[in-house]
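Report on the structure given below.
The values are calculated or read from the model by the stated rules, or taken from the named source; none is laboratory data. In this text the structure is predicted, and so the values were computed from the model without any measurement. Note that each Cβ is placed from the backbone with ideal geometry, even for glycine, and that neighbours are counted across all protein chains shown. Heavy atoms of the whole protein, side chains included, go into the accessibility calculation; ligands, DNA and RNA do not. Shrake-Rupley method; radii C 1.70, N 1.55, O 1.52, S 1.80 Å.
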Amino acid sequence: MADDYFLLVCDDVPHDVVLTNPGVRVMDVVQVVRRLTGLSLWRSKILATQVPTVILADVPQEDAMAAVSALRDVGARAEARE
């Protein structure tokens, strides 16, 4: 029991970046998804149009918040989940 508490307090909880709506500027969202994931343009487009979808999985909170803000800057709805 003490080990579980120690892990929760000291370790960074991984976050997932979830795209919930690409908005009207889909190609801009595709470009951001491509930059974030390193996938090809075709796979990024598929990932951006099949919502809700996990764009990044098990990333630190700072990286997740940066990715969410990048997606929101181009008009998409995204959130970071623990």
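What distance in nm lies between label points placed 7 Å from Cα along the C-beta direction at residue 13 and residue 41?
Calculated label separation equals 4.0 nm.
So what's the net charge close to residue 44: Lys and Arg +1, Asp and Glu -1, counting the other residues with Cβ under 13 Å from its Cβ?
Here the count lands on +3.
Local charge sum around residue 21 (other residues, Cβ-Cβ under 12 Å, Lys/Arg +1, Asp/Glu -1)?
+2
Once every DSSP H run of n ≥ 4 in the chain is given -39500 (n - 2.57) and the sum is divided by its residues, what mean residue ellipticity at 222 nm do you get, rounded to the nearest 500 deg cm²/dmol?
Here the helix-only value at 222 nm equals -16000 deg cm²/dmol.
For segment 17-76, what is the accessible area per residue in Å² when the probe is 1.4 Å?
57 Å²
Take the Cβ-Cβ distance between residue 58 and residue 26 as r, set R0 to 25 Å, and report the resulting FRET efficiency rounded to the nearest 0.05.
Here the calculated transfer efficiency is 0.45.
What's the carbon and sulfur percent of the chain's accessible surface, probe 1.4 angstrom, rounded to a whole number?
54 percent
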